[in-house]
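Quick notes on the structure that follows.
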């Protein structure tokens, strides 16, 4: 299975980096077919990987582990790069470089989502990208490889390398193929996320250095690091400091209010494929980082400081993002602000710190990728036809584009959380988990369900229903390209898998929950019966202890 994982990682990288960048492919038709072939192969490999993982999970059952992070499949290779290991005791002083890849249930689910959205991105760009096609599809596929690398990295340094690497191809996707303000949006996105990631790097270095000083021989291995911190917890005040450093980069990546200001502009200026990947998987790297570092290694900080801070910021983000979406006239910007609101449910569930809430948080990571990715896809469809996304320029499109309207209504219902569709189980489990932890936060977060229905149904009413209203530029396009046509077979092929996944998760979420449950339970049991730390009393006790020693 590990060989299959390496092939999956290398296929988009090979198709994007080698075939498209270095083989001299310049024609649009050749470039997009190579990209489609590479993304389809990656999707097939990811589905086979998920099937093999399910079979392995059924064979092994739920096995106990000393670590909250326990990959079922892993590959490790260690190199001594500095130090003399020939003499006794010197090996402990050697600097090691470790390559540690693996799979657990959470990473498998996110890898399949990444591969699926990769195919959707290629299909959505088929006719929209007409300049420098080979470079565009190369950046798209290289970005996909980078994201897969984050999800299967079980080494702290490797995780950070892939985490930062994803910034590069997305920067070029926005800066070269984006809208009128593409360069400003790309630079703001890059600087914002890079600055936060550098602070996160300080937190990672502290985690590794503290464990290495304590005698851990493989301090970069996430499973061993989590197990070591379970047996040798940090001082609670030091945990708070490390948690704050780690959280800066992760909160910006999610993004959580008030670190969200780069996101709407990046979404609006990005090409459709860039928006799909950004909303679908790249924003999840922040929540995934919390699952890999903060929750399993810093339980006292997460419970004492992280829970109230994340819950308050998430509730504010849900309400603020929803209200901002409600007043938007640009449909793409409306969907961008809806991401801020919906990702608040992910954070709310994760920081409920119990099985129900964390399961809902991970489910919502997947659900948001499917429904919001599909929303950006449909917005791109009617933008290609009318060259506008403004609600004031459009109306009654259901009479002109009935299939597209049906798809938009279905996806909006999924995003709203209609029972029977994918948004419902994720949001309900997130809120139920937070209700067990703190009913006030859950009640405040639940207002986002009403607000979400408000702004999405308002958008549907303006754009797709009522009297037919088309922009004046449409008449010129009609003369050159013929009449505006409904959704094409290619666009249907991109939309149907997302809609089918939304329906499947809504009707039968249990198979997905079964895949992620052991990994969720391993982290959640750290918080069973754990009381919050009284940081103030702890600080007073330390001051008194120091005063006694000085006397």
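The values are calculated or read from the model by the stated rules, or taken from the named source; none is laboratory data. On a predicted model such as this, the values are computed, not experimentally measured, just so you know. Positions of Cβ are backbone-derived with ideal geometry, glycine not excepted, and every protein chain shown enters the neighbour counts.
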Requested in this report: Report whether or not residue 226 is assigned to a helix (DSSP H, G or I), free of Cβ contacts under 8 Å to residues at least 24 places away in the same chain and in contact with a helix residue (DSSP H, G or I) (Cβ under 6 Å, 6 or more places away or on another chain).
Outcome: no
Report task. Scan the range 162-198 for residues that are surrounded by fewer than 16 Cβ atoms within 10 Å (Cβ to Cβ) and either in contact with a strand residue (DSSP E or B) (Cβ under 8 Å, 6 or more places away or on another chain) or within 21 Å of residue 255 (Cβ to Cβ) (or both) and report the count. Result -> 10
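Conditions (1) closer than 29 Å to residue 526 by Cα; (2) surrounded by fewer than 20 Cβ atoms within 10 Å (Cβ to Cβ); (3) out of contact with any helix residue (DSSP H, G or I) (no Cβ under 7 Å at 6 or more places or on another chain); (4) modelled with pLDDT of 80 or more, marked per residue:
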| position | (1), (2), (3), (4) |
| --- | --- |
| 8 | no, no, no, yes |
| 22 | no, yes, yes, no |
| 46 | no, no, no, yes |
| 56 | yes, yes, yes, yes |
| 104 | yes, no, no, yes |
Query raised in the report: Can you name every residue in the range 514-538 that is surrounded by fewer than 16 Cβ atoms within 10 Å (Cβ to Cβ) and over 26 Å from residue 426 (Cβ atoms)?
Result: 529, 531, 532, 534, 536, 537, 538
Query raised in the report: In the range 204-223, which residues are modelled with pLDDT under 90 and under 18 Å from residue 289 (Cα atoms)?
Result: 219, 220, 221
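Let's see how each residue does on (1) assigned to a helix (DSSP H, G or I); (2) under 26 Å from residue 160 (Cα atoms):
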site	(1), (2)
291	yes, yes
295	yes, yes
310	yes, yes
322	yes, no
328	no, no
338	yes, no
353	no, yes
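Have a look at 490, 508, 546 and point out the one that is surrounded by fewer than 19 Cβ atoms within 10 Å (Cβ to Cβ), out of contact with any strand residue (DSSP E or B) (no Cβ under 8 Å at 6 or more places or on another chain) and farther than 30 Å from residue 121 by Cβ.
That would be 546, the only listed residue that is surrounded by fewer than 19 Cβ atoms within 10 Å (Cβ to Cβ), out of contact with any strand residue (DSSP E or B) (no Cβ under 8 Å at 6 or more places or on another chain) and farther than 30 Å from residue 121 by Cβ.
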Query raised in the report: Looking at 281, 248, 256, which one is surrounded by fewer than 24 Cβ atoms within 10 Å (Cβ to Cβ) and in contact with a helix residue (DSSP H, G or I) (Cβ under 8 Å, 6 or more places away or on another chain)?
Result: 248
Requested in this report: Report, ordered by the first and then the second residue, all pairs with beta carbons closer than 6 Å, sequence separation of six or more or different chains, a first member in the range 98-114 that is under 18 Å from residue 78 (Cα atoms), and a second member that is outside any strand (DSSP E or B) and at pLDDT 90 or above.
Outcome: 100/154; 101/152; 102/154
Query raised in the report: Do the conditions hold for residue 286, that is, is it free of Cβ contacts under 8 Å to residues at least 40 places away in the same chain and either out of contact with any helix residue (DSSP H, G or I) (no Cβ under 7 Å at 6 or more places or on another chain) or under 30 Å from residue 540 (Cα atoms) (or both)?
Result: no
Requested in this report: Within the range 340-354, identify whether any single residue is over 25 Å from residue 261 (Cβ atoms), in contact with a helix residue (DSSP H, G or I) (Cβ under 9 Å, 6 or more places away or on another chain), surrounded by fewer than 24 Cβ atoms within 10 Å (Cβ to Cβ) and modelled with pLDDT of 90 or more, and answer yes or no.
Outcome: yes
Report task. Can you tell me which residue within the range 199-223, out of those that are touching a strand residue (DSSP E or B) at 6+ places or on another chain (Cβ under 9 Å) and part of a helix (DSSP H, G or I), is nearest to residue 260 (Cα to Cα)? Result -> 222
Query raised in the report: Taking the range 461-511 as the search range and keeping residues that are modelled with pLDDT under 90 and more than 19 Å from residue 397 (Cβ to Cβ), which one is farthest from the chain's Cα centre (by Cα)?
Result: 479
